[in-house]
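A.B. asks: Structure in structure tokens, see below.
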Amino acid sequence: MIGTRGVPARYGGFETCIEEVGYRLVKLGHEVTVYCRRAEDPDAGEGFGEYQGMRLVTLPALRRKSLETLSHTALSVLHAVKHRPDVAFVFNAANAPLLPILRARRIPVVTHVDGLEWKRAKWGALGRRYYRGAEALAVRWSDALIADAVGIQDYYSRRFGVPTDYIPYGAPILGNPGTERLTELGLTSRDYHLVVARFEPENHVDLAVEGYLESGAERPLIVVGAAPYADKYTARIKALAARGNVRLLGAVWDQDLLDQLYANALTYIHGHSVGGTNPSLLRAMGAGAATSAFDVSFNREVLGEHGRYFTRPSELAELCDAAEADPAATTDRGRDQIASLGRYEWDGVAEKYEQLALRMTR
């Protein structure tokens, strides 16, 4: 498993996927190696360890937005070719220029292509051109492609005329994780709205705060998240939050606390717009949090009739007001989401990864 920050999963969807799929593949009898990133100390050497049965190889990366991923993946690929795995799962099409190194060693390559990365505002014109080109290289130099959403499948079919393996993420069903951790934050169940997202423009955290502030909502808005290389955008969110009943918690790595925040929110506000199937959306649904989502095809694909949708602050304001006007109905809607998650089971996801890996070795 190459191309991400690695495990334990503390960053995004790729890391969550590797953790959930990786340890299940171990249980199925496979040897799994995960390449992990150590960006904070680029001069450090290799590190080795184990996590949930997965072998971890930790390598440095350049601490620079445009080079961090690619520099780490380059080291990972060079390490991998020395040990020649049966299959290399490479996450993020941005790593495509390095695939010929694996192919030269006759290592089958499966690339998980992610969402439409070139649409992210953090990339300038050069970065967007790079990502568009990298998509084409991933198509050319991969033995198979994974898309985690039907919308991503459609994009690759339409633009490149190639098939992809549709393997979405899984949704954890949280059941009743309790409420005791909420007291640490002075919160009570169903008495707040929640945002969980990296602070990036295409995740619309600022829009979520604006929409909440335009509403007449009396329950506070709790925002969980942060981001490297996003000082200006973070400053904008902080300035907006200072205008009203908005609490910024920063990054929360305590999974028990995070689960309780999801499971006890009156609404979860999901502003992601350019990715595929998003793990934070699935976690909110599995927690029974009634969800208001930015109106794009990826979110409608997952939420369907259970979601409420917005594109402007004024639309989100109306959704916040409606949720507080009838909290019982809002809570019921959140619970109804859970029954729709049969498509998103990690056991089934891991089996599809196993089947794909076996297909590559024939």
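A.B. asks: Can you tell me how many residues in the range 65-105 are open to solvent by less than 30 Å² (accessible area, probe 1.4 Å), of a type outside the set (A, V, I, L, M, F, W, C) and touching a Gly at 6+ places or on another chain (Cβ under 9 Å)?
C.D. replies: Residues that pass the stated criteria total 5.
A.B. asks: Condition check: closer than 26 Å to residue 322 by Cα, among the aliphatic types (A, V, I, L, M) and in a loop (DSSP other than H, G, I, E, B). Does residue 208 satisfy that? Give the derivation first.
C.D. replies: On the way: closer than 26 Å to residue 322 by Cα: yes; among the aliphatic types (A, V, I, L, M): yes; in a loop (DSSP other than H, G, I, E, B): no.
Judged against the criteria, residue 208 is not a match.
A.B. asks: With the condition kept exactly as written, say whether any residue in the range 322-333 is surrounded by 16 or more Cβ atoms within 10 Å (Cβ to Cβ), in contact (Cβ under 8 Å) with a residue 12 or more places away in the chain and outside any helix (DSSP H, G or I).
C.D. replies: No, that holds for no residue.
A.B. asks: I'm told residue 294 meets every condition in (1) open to solvent by 20 Å² or more (accessible area, probe 1.4 Å); (2) over 18 Å from residue 11 (Cβ atoms); (3) more than 16 Å from the chain's Cα centre (by Cα); (4) not charged (D, E, K, R) except one. Can you identify the failing condition by its number?
C.D. replies: The number of the failed condition is (3).
A.B. asks: Of the residues 300, 308, only one is among the basic types (Lys, Arg), more than 25 Å from residue 186 (Cβ to Cβ) and under 17 Å from the mean Cα position of the chain (by Cα); which? So that I can check it myself, show each step before the final result.
C.D. replies: On the way: 308 fails: under 17 Å from the mean Cα position of the chain (by Cα).
Going through 300, 308 in turn, the sole match is 300.
A.B. asks: Inside the range 264-280, can you point out the residues that are modelled with pLDDT under 95 and within 20 Å of residue 170 (Cβ to Cβ)?
C.D. replies: Step one: list which residues in the range 264-280 are modelled with pLDDT under 95, which gives 272-280.
272, 275, 276, 277, 278, 279, 280 - these are the residues of the range 264-280 that are modelled with pLDDT under 95 and within 20 Å of residue 170 (Cβ to Cβ).
A.B. asks: From the list 319, 249, 261, exactly one residue is open to solvent by 20 Å² or more (accessible area, probe 1.4 Å), farther than 26 Å from residue 164 by Cα, at pLDDT 95 or above and within 20 Å of the chain's Cα centre (by Cα). Which is it?
C.D. replies: Working: 319 fails: within 20 Å of the chain's Cα centre (by Cα); 261 fails: open to solvent by 20 Å² or more (accessible area, probe 1.4 Å).
Step by step, each of 319, 249, 261 is checked, and only 249 is open to solvent by 20 Å² or more (accessible area, probe 1.4 Å), farther than 26 Å from residue 164 by Cα, at pLDDT 95 or above and within 20 Å of the chain's Cα centre (by Cα).
A.B. asks: Here's another thing I want to ask about it. For the range 19-41, enumerate the residues that are over 10 Å from residue 54 (Cα atoms), part of a loop (DSSP other than H, G, I, E, B) and modelled with pLDDT of 95 or more.
C.D. replies: 28, 29
A.B. asks: Being closer than 25 Å to residue 355 by Cβ, touching a residue at least 60 places away in the same chain (Cβ under 8 Å) and surrounded by 16 or more Cβ atoms within 10 Å (Cβ to Cβ) is the requirement here; does residue 7 meet it? Lay out the reasoning, then the answer.
C.D. replies: Working: closer than 25 Å to residue 355 by Cβ: yes; touching a residue at least 60 places away in the same chain (Cβ under 8 Å): no; surrounded by 16 or more Cβ atoms within 10 Å (Cβ to Cβ): yes.
It is false that residue 7 is closer than 25 Å to residue 355 by Cβ, touching a residue at least 60 places away in the same chain (Cβ under 8 Å) and surrounded by 16 or more Cβ atoms within 10 Å (Cβ to Cβ).
A.B. asks: Right, residue 349: crowded, with 16+ Cβ neighbours inside 10 Å, farther than 20 Å from residue 145 by Cα and aliphatic (A, V, I, L, M) or not? Spell out how you get there, then give the answer.
C.D. replies: Values: crowded, with 16+ Cβ neighbours inside 10 Å: yes; farther than 20 Å from residue 145 by Cα: no; aliphatic (A, V, I, L, M): yes.
So residue 349 does not fit the description; no.
A.B. asks: Something else: Can we say residue 291 is in a helix (DSSP H, G or I), of a type in the set (Val, Ile, Thr) and modelled with pLDDT of 95 or more?
C.D. replies: Values: in a helix (DSSP H, G or I): no; of a type in the set (Val, Ile, Thr): yes; modelled with pLDDT of 95 or more: yes.
No.
A.B. asks: Cβ-Cβ below 9 Å, separation at least six or inter-chain, first residue in the range 335-351 and more than 21 Å from residue 176 (Cα to Cα), second outside any loop (DSSP other than H, G, I, E, B) and among the hydroxyl-bearing types (Ser, Thr, Tyr): which pairs?
C.D. replies: Partner pairs satisfying both residue conditions: 350/23.
A.B. asks: Same structure again: What do you reckon, is residue 243 assigned to a loop (DSSP other than H, G, I, E, B), more than 24 Å from residue 284 (Cα to Cα) and among the basic types (Lys, Arg)? Reasoning before the result, please.
C.D. replies: Details: assigned to a loop (DSSP other than H, G, I, E, B): yes; more than 24 Å from residue 284 (Cα to Cα): yes; among the basic types (Lys, Arg): yes.
Spelling it out, residue 243 is indeed assigned to a loop (DSSP other than H, G, I, E, B), more than 24 Å from residue 284 (Cα to Cα) and among the basic types (Lys, Arg).
A.B. asks: Can you tell me which residue within the range 166-205, out of those that are touching a Pro at 6+ places or on another chain (Cβ under 9 Å) and modelled with pLDDT of 95 or more, is nearest to residue 155 (Cα to Cα)?
C.D. replies: Within the range 166-205, the match that is nearest to residue 155 (Cα to Cα) is 193.
A.B. asks: Would you confirm whether any residue within the range 182-195 is touching a His at 6+ places or on another chain (Cβ under 9 Å), crowded, with 21+ Cβ neighbours inside 10 Å and either outside any strand (DSSP E or B) or touching a residue at least 60 places away in the same chain (Cβ under 8 Å) (or both)?
C.D. replies: First pass over the range 182-195, keeping only residues touching a His at 6+ places or on another chain (Cβ under 9 Å): 195.
Within this subset, residues satisfying the condition of being crowded, with 21+ Cβ neighbours inside 10 Å are 195.
Filter once more, keeping what is either outside any strand (DSSP E or B) or touching a residue at least 60 places away in the same chain (Cβ under 8 Å) (or both): 195.
Yes: one or more hits.
A.B. asks: Let me ask something additional. Quick check on residue 248: is it outside any strand (DSSP E or B), out of contact with any Asp or Glu (no Cβ under 8 Å at 6 or more places or on another chain) and not acidic (Asp, Glu)? Lay out the reasoning, then the answer.
C.D. replies: Values: outside any strand (DSSP E or B): no; out of contact with any Asp or Glu (no Cβ under 8 Å at 6 or more places or on another chain): yes; not acidic (Asp, Glu): yes.
No; evaluated as a whole, the condition is false for this residue.
The values are calculated or read from the model by the stated rules, or taken from the named source; none is laboratory data. Please read all numbers here as calculations on a predicted model, not as lab measurements. Positions of Cβ are generated from backbone atoms using ideal geometry, with glycine treated the same way; all protein chains shown enter the neighbour counts. SASA here: full protein model, heavy atoms, side chains in, ligands and nucleic acids out. Shrake-Rupley method; radii C 1.70, N 1.55, O 1.52, S 1.80 Å.
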